[in-house]
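Asks: Pasting a structure here, questions to come.
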Amino acid sequence: MIELDLSAPFDQHRATVLPEWIDWNGHMNVGFYVVAFDKATDTLCAQFGCSWDYTKAEIGMTFVLEAHVTYDREVKEGDPLRITTQILDHDAKRLHFMHCMYHGTEGYLAATNELMLMNIDYESRRSAPWPEWAMDRIERLAAAHKRLPVPRQAGRLIGIRRK
Amino acid sequence: MLDSLPYELPELVTRAPLDVHRSTVLPEWVDWNGHMNVAFYVAAFDQASGAFMRNMGLGRRYVDGKLGMTFVLETHVTYDREVRGGAPLRFTTQLLARDAKKVHLFHEMFHDEQDYLAATNEVIVMNIDYATRRSAPWPAPVAERLEALWSAHKDLPRPLKAGRVMRLAKRQEPSSAAV
């Protein structure tokens with residue numbers, strides 16, 4: 001397994017807005033923000049051994065149960081992206097965390113993505129506890145992230161505010 | 001506010017909920033887990049929002065005519081059951097709220113043959129002025145259509161999965177998984 005990175009927040013994932021992610025409004029389409037965030041989820045899962053190797057070896061998979069995205073500012077084709085990740089909570093089978101996407105050079109917040117992820121057994125395709133070796137790393141990441149303030153975009157309820 | 005739109009608007013559908021959008025899971029939407037990837041649920045739901053907007057009179061001509069655009073501010077998805085490549089999808093859409101510039105929509109995605117609920121999407125969409133790229137009130141004919149649709153939708157029961165806050169405390173399992 002790769003070396004565990006306990007920086008808080010986790011700050012390894014980088015990407016670039018691809019031409020095929022742009023829609024007729026001339027900016028990254030809502031769906032492709034989630035494509036970009038999902039790749040950041042892979043980078044996170046690699047930290048505790050539950051990324052592509054985990055599925056390729058037919059051990060398990062991770063399924064998203066729920067996702068919440070705030071679109072804070074537009075990004076355009078070719079823009080560099082930096083995605084940071086903060087673990088908010090976890091239990092025997094699930095992981096609750098939040099990604100923040102920043103413009104890589106201008107530094108502004110472009111979007112946030114709060115996620116609930118569940119471990120899945122490959123064979124039965126049903127929920128299963130995290131493998132012990134994964135849980136050990138998840139615990140250490142969660143402990144490292146515990147002191148971070150909860151992002152204000154976490155736990156949001158969608159609605160139109162009454163004026 | 002735009003007082004009119006320089007093109008003919010489609011006939012308004014006011015069914016409650018709206019059920020105009022259909023789609024199919026494309027091969028490129030499937031990931032290494034052999035099912036539709038999380039992001040492409042959002043892309044599929046975005047097309048359902050597009051269908052809602054066309055019904056309001058805000059289709060491609062609205063953007064191509066450099067009049068305005070609609071931007072998504074926020075989206076919340078529940079992934080209820082897997083769908084595979086080629087699966088036919090059916091969407092329903094309920095207008096939960098509207099104001100001068102925004103709509104609050106709730107989509108449900110069903111497998112169109114097996115009829116199960118695959119996912120839900122709660123979304124806020126805002127009208128944008130083309131030139132300034134900033135929020136702007138709905139064009140008058142659109143506001144009028146929204147009111148007509150609101151009359152048809154306002155008495156629908158609030159969907160169970162609307163207004164969710166994500167947390168671990170409550171047990172969540174996809175309906176296909178063992179508890």
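Every number in this text was worked out from the coordinates using simple rules, so none of it is lab data. Since this is a predicted model, take the numbers as computed values, not measurements. Heads up, the Cβs are rebuilt from the backbone with ideal geometry, glycines too, and the neighbour counts pull from every protein chain shown.
Asks: At 7 Å along the Cα-to-beta-carbon direction for both B:Asp115 and B:Ala100, put a label point, then send me their distance in nm to one decimal.
Replies: The two pseudo-label positions are separated by 4.6 nm.
Asks: Quick one: putting +1 on the C-beta of Lys and Arg, -1 on the C-beta of Asp and Glu, what dipole do you get for chain A around its Cα centre, in Debye to the nearest 20?
Replies: 760 debye
Asks: Something else: Using Cβ counts within 10 Å as a stand-in for footprinting exposure, how do B:Ser4, B:Ser49, A:Ser124, B:Ser135 rank, fewest first?
Replies: B:Ser4, A:Ser124, B:Ser135, B:Ser49
Asks: Which is farthest toward the positive dipole end of the protein assembly as shown among B:Ala136, B:Met109, A:Val30, measuring Cα position about the Cα centre, with Cβ charges +1 (Lys, Arg) and -1 (Asp, Glu)?
Replies: B:Ala136
Asks: Treating only the Cβ atoms of Lys and Arg (+1) and Asp and Glu (-1) as charged, compute the dipole magnitude of chain B about its Cα centre; round to the nearest 20 debye.
Replies: Once rounded to the nearest 20, the dipole reads 480 debye.
Asks: Same structure again: Going by alpha carbons, how many degrees (0 to 90, nearest 10) lie between the helix axis of B:140-153 and the longest principal axis of chain B?
Replies: Taking Cα atoms only, the helix is inclined about 40 degrees.
Asks: Round to the nearest 0.05 the FRET efficiency obtained for B:Val165 and A:Asp42 when R0 = 30 Å and r is the Cβ-Cβ distance. Don't skip to the answer; put the middle values down first.
Replies: Numbers: r = 26 Å, r/R0 = 0.86.
It comes to 0.70.
Asks: Using a simple charge model, +1 on the beta-carbon of Lys and Arg, -1 on the beta-carbon of Asp and Glu, nothing else, what dipole does the range B:1-94 show about its Cα centre, in debye to the nearest 20?
Replies: Computed about the Cα centre, the dipole is about 180 debye.
Asks: Here's a follow-up. Using Cα-Cα distances under 8 Å and only pairs 6 or more residues apart, what relative contact order does chain B have, in percent?
Replies: 27 percent
Asks: Turning to a different aspect of this structure: To the nearest 0.05, what FRET efficiency results for A:Arg147 and B:Ala140 with a Förster distance of 41 Å applied to their C-beta separation?
Replies: The formula returns an efficiency of 0.20 here.
Asks: I want the local charge near B:Ala136. Using Cβ-Cβ distances under 14 Å, sum +1 for each Lys or Arg and -1 for each Asp or Glu among the other residues.
Replies: Once positives and negatives cancel, what remains is +2.
Asks: Next up: For the protein assembly as shown, how many pairs of lysine residues have a Cα-Cα distance under 23 Å, where the two are 8 or more positions apart or belong to different chains?
Replies: 18
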